[in-house]
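Beneath this line is the structure, given in structure tokens, with notes to follow.
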Amino acid sequence: MRNSRPGGKSSTVSEYPEAIDRLTETLNGLPGIGKRNAERLAMALFGWNQDRLADFAEQAASLHERVFTCEACGHLADGERCRYCLDPTRDPAVIAVVEDAKQVIAIEKSHMFRGLYHVLGGKFSPLDGVEIEDLNVESLYERLDQGKVREVILATSPDVDGEATASYLANLLAERFPQLSLSRIATGLPVGSDLSYADSATMASALSSRRTFET
Ligand SMILES: [Zn+2]
């Protein structure tokens, strides 16, 4: 690497004061934020006044105190229940099972689904030490035990672990709840893709062309 400054300092030495460097490093740790963007964001934050910065810091610091897990479905919530479980216009007879909260948001953006959710909090992945019991499955059984659910859509990602989760869970559910209709979202989605970031049109077609699960 060539030296960027007269005086022999290496180009890896930052041009910024240490506090801005530290902030840049933190921002650089966020997904999709490269070094240059992180620098730009850090300088933009430096341009904010003290009140705005304090408010920003407070918003970040209080996230874990203000965001809860829905006690029914495991999605993110402002209180004990999430907005979908509280919404009387949703169809409680249909549940979409997903691996995490990001997918609930992706499905909602497709405007194709009016049922409820169940968030597993991960994917079955024995090689990584994640067994099916480690996921939020017991509470799914409890919901299904109430007998009001007609269909469960297995909407985990079409990657290896997501497929394994869907088929393992389908077998467990078919055995325990033989009346239940089990379906799998259509994998018009690229194999290996992370469902959390599927665009609305792709997600809509995956949901509408779901197929009955053969167990
Ligand atoms: Zn909920």
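The values are calculated or read from the model by the stated rules, or taken from the named source; none is laboratory data. What you see is a predicted model, and the numbers here were worked out from it, not measured in a lab. Cβ sites come from the backbone with ideal geometry, for glycine too, and all protein chains shown count toward neighbours. For accessibility, only protein heavy atoms count, side chains too; no ligands or nucleic acids. Shrake-Rupley method; radii C 1.70, N 1.55, O 1.52, S 1.80 Å.
Checking each residue in the stretch 62-100 for being more than 13 Å from the ligand (Cβ to nearest atom) and in contact (Cβ under 8 Å) with a residue 40 or more places away in the chain picks out A93, V94, E99, D100.
In this entry, K148 is excluded by the filter for residues that are in contact (Cβ under 8 Å) with a residue 40 or more places away in the chain and open to solvent by less than 80 Å² (accessible area, probe 1.4 Å). In the stretch 11-40, the residues that are on the phi < 0 side of the Ramachandran plot reach residues that are part of a loop (DSSP other than H, G, I, E, B) and surrounded by 10 or more Cβ atoms within 10 Å (Cβ to Cβ) with C-beta atoms within less than 6 angstrom, at least six apart or across chains, in these pairs: S11/S4; D21/S14; L27/I33. Every listed requirement among (1) of a type outside the set (V, I, T); (2) within 19 Å of P158 (Cα to Cα); (3) within 16 Å of the ligand (Cβ to nearest atom) is met by R114 save one, (2).
Taking helices (runs of 4 or more DSSP H) as the structural unit, those lying wholly within the stretch 19-121 and holding at least 1 residues that are open to solvent by 70 Å² or more (accessible area, probe 1.4 Å) and in contact with a Leu (Cβ under 9 Å, 6 or more places away or on another chain) correspond to 35-46, 50-61, 101-109.
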